[in-house]
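Here the structure is laid out as structure tokens; the discussion comes afterwards.
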Amino acid sequence: MKVAYVGPHMGEEPPITGRRGAGTVFLTGCTLRCSYCQNYQISHQGLGQQFTPDRLIVKIAAMIDSYGVHNVSFVTPDHFFPHVFETVEGLRARGYGLPVVMNVSGYQSVEMLKRAENYTDIYLPDFKYADSGLANRLSSCPDYPEVALSALDEMLKQKGFLKTTNANPGVATKGVLVRHLILPGHVKNSCDALTMLFVEFGPKLPLSLMSQYYPVRPQKFPELNRTIKKEEFEMVLSHAKDLGFHTLFVQYLSNNITVTNEKPSFVPDFSSPRPFG
């Protein structure tokens, strides 16, 4: 495997982060490589170091022992699934029984998800596009909507909706939480994506609505060279509320996120030993 970072991350949804952080393992590469990827250093530029499963097990165990993270969260793991499965087996054999999170793009085959079932407790998939034309332009995958819906259906059959402990804050133990990133200039795609999720899976589907889009590199399409506007965010949030999702995590739009020479703190720098500061 090629790995860019192993360490605690405090920026995930509350049930994933808890009080001590998610135990993230950022793997180099991605099956989608979206043009606007916030993690372009690892998805496009290939930054990272080679790890065998045994070496990665030692690194993850040290993270768990040092920080008391709530889970082990593999970020973009699917192109390394066989090695990731071996890593999970090794952690379990050493007595590390934390929930395993697969943080994925949504563009996964049902066949591979079936293989992942025994090595996964929590799926944290994106659902990026309802518009196949937009999916083609930005991620070169016009079949994204149907592939992602089939993948989500399989994930839900395996794990159900997200379950948490009774602690405050509740920490996720099993299930599926779906993320959607609002893209500037594409409110209709976001609203249609939320409608599609609601129609397919109902109001109990846990949903995370993300506003953190930031153009880390110049984009071919002009609307993507800015952050989202307040009115765009409010339109999508209002639609989510109107649909009636029971469990909705909302990353509210920050007033101080603007396109400047200084990137926001949530944009990682994987050339640093501490990418998130």
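The values are calculated or read from the model by the stated rules, or taken from the named source; none is laboratory data. Bear in mind the structure is a predicted one, so any value in this text is a computation, not a measurement. Heads up, the Cβs are rebuilt from the backbone with ideal geometry, glycines too, and the neighbour counts pull from every protein chain shown.
General observations
- Failed item, numbered, when T28 is tested on (1) over 22 Å from Q158 (Cα atoms); (2) out of contact with any strand residue (DSSP E or B) (no Cβ under 6 Å at 6 or more places or on another chain); (3) of a type in the set (S, T, N, Q): (2)
- In the stretch 81-108, the residues that are among the hydrophobic types (A, V, I, L, M, F, W, C) and within 20 Å of the chain's Cα centre (by Cα): F81, V84, F85, V88, L98, V100, V101, M102, V104
- Some residue of the stretch 116-131 being touching a Lys or Arg at 6+ places or on another chain (Cβ under 6 Å) and surrounded by fewer than 23 Cβ atoms within 10 Å (Cβ to Cβ): yes
For every residue, the table says whether it meets (1) out of contact with any Pro (no Cβ under 9 Å at 6 or more places or on another chain); (2) closer than 22 Å to F127 by Cβ; (3) modelled with pLDDT of 95 or more.
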| residue | (1), (2), (3) |
| --- | --- |
| V171 | no, no, yes |
| L177 | no, yes, yes |
| L194 | yes, yes, yes |
| F201 | yes, yes, yes |
| L207 | yes, yes, yes |
| R217 | yes, no, no |
| E231 | yes, no, yes |
| D242 | yes, yes, yes |
| F276 | no, no, no |
